[in-house]
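These notes concern the structure reproduced below.
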Amino acid sequence: MQATQTLFDLQAIQTSWMAFDAMVHLQPIHDEPGYDRMVTLMNALLDVTGDDEDHALSGLLELVGDLVSRYEREHYPIDAASPKDSLRFLMEARGMVQEDLSSIVLQSNLSAILAGKRKISATLAGKLSKFFGVSPALFVPGQ
């Protein structure tokens, strides 16, 4: 089987790239000024493209977003929330109080879990995951 080769006009690409690069400096992000520049570009592209995936600049937005995301993963990692904090967040996001989970867990046990004095069992993790419509791994430490 013969691989098909696509021919590119590298001279035309170089000319276009030099003009584009002079305006945007699209490159991997290595420092905070580069990060700030790419975030500014990403926000400007978002303002123009909105949710239109067929917009002429949507491919550029995706590339810039990937560069920003990669830099953020390396320089601003987000620690996973503890199971009790995940539960607390889900409850607060839904405007729930402890009594709202009384059909799943005893209020005294829930209080102890939210206070960090008791862990969420595998059985309870399964019940909570069904109730909230999330993965049970959210309620298991170290996931």
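I'm trying to understand the selection: among the residues of region 96-143, which are surrounded by 12 or more Cβ atoms within 10 Å (Cβ to Cβ), assigned to a helix (DSSP H, G or I) and not aliphatic (A, V, I, L, M)? Listed by number, the residues that qualify are Gln98, Asp100, Gln107, Asn109, Ser111, Gly126, Lys127, Ser129, Phe131, Phe132, Pro136, Phe139.
Within region 48-60, is there a residue that is within 30 Å of Gly133 (Cα to Cα) and polar (S, T, N, Q)? No - not one qualifying residue is present in region 48-60. In region 112-133, the residues that are farther than 13 Å from Ser86 by Cβ reach residues that are in a helix (DSSP H, G or I) and small (Gly, Ala, Ser) with C-beta atoms within less than 7 angstrom, at least six apart or across chains, in these pairs: Arg118/Ala112.
Where a number appears in this text, it was derived from the coordinates with a stated rule and is not lab data. Please read all numbers here as calculations on a predicted model, not as lab measurements. Ideal geometry is used to build each Cβ from the backbone, glycine not excepted, and the neighbour counts take in all protein chains shown.
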